[in-house]
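Here is the structure we will look at.
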Amino acid sequence: MSHMTNPLATPDQLFQRRSFDSLPIELQDTILFATQCLTQAAGILLQLPQSVTAQANVLLARYWLVEPIMSHEFSDISAAILYLTAKLSPHPRSPRDLSNVYAYLLSPSTSLFHPPTSPPPSNNPSAYYLSEPAYQAFHTRLLHLEAHALYTLSFDTHVALPHPLAITYLQALDFLGCGGMASSKERIGQRAVRYLNTALLSPQLLCLTSQPNALAVAAIYNAARDVGAKMPECEWWEVFDVDREELGFLVVGMRSVEGWGRKMRADLKGMKMGVERGMVTRADVEAELRRRGLSVVVGNGRVGGGGGDAEEEAARRMDEKMAEMETGV
Amino acid sequence: MASTAKSRWANDEEDAALEAQLKKEKEEKKRLKAEKARKLEAERQAREAAAAAAQQEGDTANGPPTKRRKISPERETEQVGGEPQGINGAPKLLRFEGGVFGRCRSVENYDKLNDIEEGAYGWVSRAKELSTGKVVALKRLKIDPKDRGGLPVTGLREIQILKDCDHRNVVKLREVVVGDDTSKIENIFLVLEFLEHDLKSILEDMPEPFLASEVKTLLQQLASGVAYLHDNWILHRDLKTSNLLLNNRGQLKIADFGMARYVGDPPPKLTQLVVTLWYRAPELLLGATRYGAAVDMWSTGCIFGELLTREPLLQGRNEVDELTKIFELCGVPTEETWPSFRRLPNARGLRLPAQTSGGSAIRARFPLLTAAGVALFNSLLALDPDKRPTAKEMLAHEYFKQDPKPKQEAMFPTFPSKAGQERRRRRETPNAPARGQQAAEIGAVDFSGIFSGREREERGGGFSLRMV
């Protein structure tokens with residue numbers, strides 16, 4: 001049965017999310033959204049199948065229900081969890097590949113988080129050139145966070161994705177295959193998968209609160225309605241063990257992600273201010289908090305006042321120096 | 001959908017009367033249930049309407065859409081319409097429980113009692129959970145801090161697979177705990193259920209071999225565990241007697257999943273460097289990278305032999321010697337017995353003896369085994385992986401149905417525990433191959449001499465005394 005069940009978030013965990021860090025919930029949503037997008041982009045550049053990247057998305061969302069969101073740099077934890085997921089899959093990727101991809105995605109040259117209307121950013125390879133010490137430092141952080149993520153999740157890396165179930169259900173509903181209606185059938189399948197992938201970004205953490213069978217049914221329901229397909233007259237979702245209330249909630253939840261995502265992109269732009277756009281970092285969040293006049297609390301309880309950035313930066317540079325010396329020996 | 005209560009055999013009056021009564025009762029129940037459902041539904045609708053009204057007042061334009069109104073046909077109307085065999089009451093939906101997630105506990109929740117053994121993948125010790133007093137086996141993952149690949153994938157796979165498994169013949173992983181210092185995760189322990197023995201030590205210390213009925217019990221349990229794994233797309237890839245645990249209630253459990261992994265269909269490309277040499281299937285020795293569940297069935301066959309004689313069946317010194325031993329026992333492969341074997345990477349350079357004395361020597365080596373036993377044994381050790389039975393087929397084999405029947409687990413003899421007190425000794429069995437090791441090149445090897453001694457071998461007389 002393991003391919004049909006996931007460990008779910010407890011009400012306590014969902015509630016706690018509001019009390020972590022005294023970080024406003026909408027900022028947490030923004031960070032989650034940006035980091036999930038970053039993970040997806042990295043998965044594509046690393047040529048990982050979506051099944052692997054999607055698992056990493058789910059694990060990342062779980063991780064942040066246990067661990068305060070500000071404890072580590074967002075991009076680092078994204079990389080570590082993607083590394084771990086790939087390692088356990090039939091498609092492992094080397095730390096070197098990950099470091100290159102993340103260096104690129106965090107550089108100004110990437111079009112990730114770039115408004116689609118404006119011209120694409122100019123490609124400047126020196127911006128994402130990774131020096132050996134920088135690579136070593138990234139690698140060390142990667143390994144440290146890999147172990148930390150496993151500890152945080154009790155080494156439970158099991159993720160049952162709704163995608164394969166959706167395929168089975170589509171088949172059962174005769175929405176798959178290539179008859180005369182091939183094109184509309186194809187569109188339903190495609191849309192259903194899109195809804196499922198979009199749900200990975202949901203601020204309601206749909207993948208952590210519902211079992212995959214419910215997600216699959218909701219995605220098919222939405223897709224069929226979008227395409228205008230004729231659905232069975234009866235309460236067909238009960239065949240797949242989903243009740244109407246849960247279905248209704250998920251249908252609405254899934255449909256709302258698109259509009260919400262658009263708003264998130266706008267928010268991100270606001271947060272990054274200035275010309276330099278890209279992945280949101282802890283420093284950005286701290287700056288935003290300061291702008292709002294809130295105290296800045298870093299995950300491990302350290303209160304970073306005005307000097308938080310400088311301190312962090314100094315520590316990071318020292319790390320790189322150390323790594324350089326080590327490799328020099 | 002609903003089961004009909006109408007019996008096909010209800011032809012006499014009494015039955016009919018009884019049935020009518022049952023039917024009446026059922027309908028009454030159904031009626032009550034439907035009424036209740038109707039009430040609930042009415043209540044719900046009222047609530048919903050109120051909520052919708054409230055929301056319409058206080059909601060801004062871009063708020064979440066209000067709850068979708070019902071669009072599907074009412075269930076009650078169906079029911080009141082009342083075909084007698086309709087759905088009774090509310091539908092029964094399956095609920096899926098997947099548990100929760102959270103941080104690991106600390107190893108400090110356990111009190112170490114004594115070491116048991118050191119394997120290739122870690123140290124195992126016996127420990128007691130402080131809060132419950134339950135005795136468990138703690139297996140510490142070997143982690144090389146210098147390994148820049150991070151935590152070992154074998155250990156992570158073992159955890160992943162054991163967490164997913166739930167079968168009486170597979171060892172249970174209770175949880176994973178870590179050392180007290182959680183700023184750096186260096187000590188990782190698997191908390192496994194504790195079993196008193198492993199089959200290897202028992203076999204080594206037994207003065208007499210297992211009875212035929214006992215062999216059957218063990219083999220049946222092994223096959224049922226393997227069937228479960230294969231059903232769940234898991235290959236164990238290191239089945240051997242030292243990885244089979246036995247408790248004092250005669251229960252066998254498969255342990256040590258350090259080599260195991262999930263596979264798909266069609267099978268992915270896998271490393272040939274799996275399974276301890278003495279239990280390694282010929283296709284692996286010949287360098288196959290696409291293999292499947294049949295490699296576990298070969299190991300099962302080797303274990304079968306070991307249960308009968310208390311000695312590992314095929315103790316090769318190296319890959320070539322292992323192949324020699326296999327061909328000596330099972331005969332040389334031919335295009336007939338194993339059609340595609342010549343295409344395996346290591347098979348091209350093989351020089352095999354001209355086909356004269358081939359064929360299996362199992363019947364001769366195990367004269368006391370019944371005909372069904374020999375048939376099963378032979379099929380498990382079929383050179384062609386496609387000819388080996390699946391674990392499920394094995395369970396249905398005639399061998400388990402014939403007398404003597406498999407002994408009841410509760411009637412199984414007990415053995416003095418070694419894991420209980422003193423440290424178990426290190427084994428002289430070879431270990432499973434390590435990751436990253438280089439696969440042995442079996443170049444041009446001449447096997448043509450392997451049967452030269454066979455004529456001198458003593459043959460069974462074709463009959464033997466039956467010993468029960």
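Every residue in segment B:380-401 that is assigned to a helix (DSSP H, G or I), under 20 Å from the mean Cα position of the chain (by Cα) and crowded, with 19+ Cβ neighbours inside 10 Å, please. Talk me through it step by step, then tell me what you get.
The initial filter retains those residues of segment B:380-401 that are assigned to a helix (DSSP H, G or I), namely B:380, B:385-387, B:391-395, B:398-400.
The next check asks that each one be under 20 Å from the mean Cα position of the chain (by Cα); those that pass are B:380, B:385-386, B:391-395, B:400.
Those that are assigned to a helix (DSSP H, G or I), under 20 Å from the mean Cα position of the chain (by Cα) and crowded, with 19+ Cβ neighbours inside 10 Å: B:LEU380, B:PRO385, B:ALA391, B:MET394.
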For this session: Please note which helices (runs of 4 or more DSSP H) are completely contained in segment B:268-349 and include at least 3 residues that are over 30 Å from A:PRO92 (Cβ atoms).
Result: B:294-309, B:319-330
Exercise. Any residue at all in segment A:198-210 that is surrounded by 15 or more Cβ atoms within 10 Å (Cβ to Cβ) and farther than 23 Å from B:VAL100 by Cα?
Worked result: yes
For this session: Scan segment A:66-92 residue by residue and report those that are surrounded by fewer than 23 Cβ atoms within 10 Å (Cβ to Cβ) and within 11 Å of another protein chain (Cβ to nearest Cβ).
Result: A:VAL66, A:GLU67, A:LYS87, A:LEU88, A:SER89, A:PRO90, A:HIS91, A:PRO92
Exercise. For segment B:150-187, how many residues are modelled with pLDDT under 90, closer than 24 Å to A:LEU145 by Cβ and in contact with a Ser or Thr (Cβ under 7 Å, 6 or more places away or on another chain)?
Worked result: 1
For this session: Might you check whether a residue that is within 14 Å of chain B (Cβ to nearest Cβ), in contact (Cβ under 8 Å) with a residue 24 or more places away in the chain and open to solvent by 10 Å² or more (accessible area, probe 1.4 Å) occurs anywhere in segment A:33-46?
Result: no
For this session: Look at B:GLU208 and say whether it is in the same structural domain as B:ARG388 (by TED's automatic domain parsing) and either touching a residue at least 12 places away in the same chain (Cβ under 8 Å) or not hydroxyl-bearing (Ser, Thr, Tyr) (or both).
Result: yes
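Tell me yes or no: at least one residue of segment A:229-249 is small (Gly, Ala, Ser) and more than 12 Å from every other protein chain (Cβ to nearest Cβ). Can you show your working first?
Step one: list which residues in segment A:229-249 are small (Gly, Ala, Ser), which gives A:229, A:248.
From the residues that got through so far, the ones that are more than 12 Å from every other protein chain (Cβ to nearest Cβ) too are A:229.
Yes, segment A:229-249 contains at least one residue that is small (Gly, Ala, Ser) and more than 12 Å from every other protein chain (Cβ to nearest Cβ).
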For this session: Test A:ALA218 against the criterion of being modelled with pLDDT of 95 or more, within 14 Å of chain B (Cβ to nearest Cβ) and over 26 Å from A:ALA86 (Cα atoms), and give yes or no.
Result: yes
Seminar exercise, completed: The correct count of residues that are in a loop (DSSP other than H, G, I, E, B), within 7 Å of chain A (Cβ to nearest Cβ) and more than 18 Å from A:LEU142 (Cβ to Cβ) in segment B:135-178 is 0
Problem set entry | Given (1) surrounded by fewer than 24 Cβ atoms within 10 Å (Cβ to Cβ); (2) touching a residue at least 40 places away in the same chain (Cβ under 8 Å); (3) of a type outside the set (A, V, I, L, M), number of the condition B:ARG280 does not satisfy | (1)
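Take the conditions closer than 17 Å to B:ARG261 by Cβ and open to solvent by less than 40 Å² (accessible area, probe 1.4 Å) and apply them to B:LEU192. Does it pass? Even if it seems obvious, please write down each step before you answer.
Values: closer than 17 Å to B:ARG261 by Cβ: no; open to solvent by less than 40 Å² (accessible area, probe 1.4 Å): yes.
Criteria not met by B:LEU192.
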Exercise. Within segment A:1-20, which residues are within 17 Å of A:GLN204 (Cβ to Cβ) and facing another protein chain (nearest Cβ under 7 Å)?
Worked result: A:ASN6, A:LEU8, A:THR10
Exercise. Can you find even one residue in segment B:257-264 that is surrounded by 22 or more Cβ atoms within 10 Å (Cβ to Cβ), within 19 Å of the chain's Cα centre (by Cα) and within 22 Å of B:ARG317 (Cβ to Cβ)?
Worked result: yes
Exercise. Among the residues of segment A:230-271, which ones are over 22 Å from the mean Cα position of the chain (by Cα), modelled with pLDDT under 90 and among the basic types (Lys, Arg)?
Worked result: A:LYS230
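If only one of B:SER224, B:SER201, B:SER242 is more than 14 Å from chain A (Cβ to nearest Cβ), more than 30 Å from A:LEU88 (Cα to Cα), of a type in the set (Gly, Ala, Ser) and open to solvent by less than 50 Å² (accessible area, probe 1.4 Å), which one is it? Full working, then the answer.
Values: B:SER224 fails: more than 30 Å from A:LEU88 (Cα to Cα); B:SER242 fails: more than 30 Å from A:LEU88 (Cα to Cα).
The conditions single out B:SER201.
Looking for whichever is in contact with a helix residue (DSSP H, G or I) (Cβ under 8 Å, 6 or more places away or on another chain) and not in a loop (DSSP other than H, G, I, E, B) here; the options are A:SER126, A:SER109, A:SER99. Which one fits? Spell out the reasoning first.
Numbers: A:SER126 fails: in contact with a helix residue (DSSP H, G or I) (Cβ under 8 Å, 6 or more places away or on another chain); A:SER109 fails: not in a loop (DSSP other than H, G, I, E, B).
The match here is A:SER99.
Yes/no matrix, rows are residues, columns are (1) in contact with a helix residue (DSSP H, G or I) (Cβ under 9 Å, 6 or more places away or on another chain); (2) closer than 26 Å to B:GLY99 by Cα; (3) of a type outside the set (Asp, Glu):
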| site | (1), (2), (3) |
| --- | --- |
| A:SER2 | yes, yes, yes |
| A:SER19 | no, yes, yes |
| A:ILE25 | no, yes, yes |
| A:LEU32 | yes, yes, yes |
| A:GLN36 | yes, yes, yes |
| A:ALA42 | yes, no, yes |
| A:ARG62 | yes, yes, yes |
Exercise. Do you know which of the residues in segment A:154-163 that are open to solvent by less than 20 Å² (accessible area, probe 1.4 Å) and either touching a strand residue (DSSP E or B) at 6+ places or on another chain (Cβ under 9 Å) or assigned to a helix (DSSP H, G or I) (or both) is nearest to the other protein chains (Cβ to nearest Cβ)?
Worked result: A:PHE155
Problem set entry | Pairs, first within 14 Å of A:PRO68 (Cβ to Cβ) and at the interface with another protein chain (Cβ under 7 Å from one of its Cβ atoms) in segment A:140-153, second part of a helix (DSSP H, G or I) and aromatic (Phe, Trp, Tyr), C-beta under 6 Å, six or more apart | A:THR152/A:TYR63
Exercise. Just a yes or no: is a residue in segment A:195-203 away from chain B (no Cβ under 14 Å), within 23 Å of A:LEU82 (Cβ to Cβ) and either aromatic (Phe, Trp, Tyr) or free of Cβ contacts under 8 Å to residues at least 12 places away in the same chain (or both)?
Worked result: yes
Problem set entry | Sole exception among (1) open to solvent by less than 10 Å² (accessible area, probe 1.4 Å); (2) modelled with pLDDT under 90; (3) in contact with a Gly (Cβ under 6 Å, 6 or more places away or on another chain) for B:ILE254, by number | (2)
For this session: Filter segment A:96-112 for residues that are within 13 Å of another protein chain (Cβ to nearest Cβ) and surrounded by 20 or more Cβ atoms within 10 Å (Cβ to Cβ) and give the result.
Result: A:LEU98, A:SER99
For this session: Report, ordered by the first and then the second residue, all pairs with beta carbons closer than 8 Å, sequence separation of six or more or different chains, a first member in segment B:92-107 that is more than 7 Å from every other protein chain (Cβ to nearest Cβ), and a second member that is among the small types (Gly, Ala, Ser) and part of a loop (DSSP other than H, G, I, E, B).
Result: B:SER106/B:GLY179; B:VAL107/B:GLY179
For this session: Scan segment A:223-238 and report the pairs whose first residue is within 21 Å of A:HIS163 (Cα to Cα) and whose second residue is crowded, with 17+ Cβ neighbours inside 10 Å and of a type in the set (Gly, Ala, Ser), with Cβ atoms within less than 7 Å and a gap of 6+ or a chain change.
Result: A:ALA223/A:ALA192; A:MET231/A:ALA224
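The values are calculated or read from the model by the stated rules, or taken from the named source; none is laboratory data. If you're wondering where the values come from, they're calculated on a predicted model, not measured in any experiment. Cβ: placed from backbone, ideal geometry, glycine included. Neighbour counts: every protein chain shown. Surface areas here come from the heavy atoms of the whole protein model, side chains and all, with no ligands, DNA or RNA. Shrake-Rupley method; radii C 1.70, N 1.55, O 1.52, S 1.80 Å.
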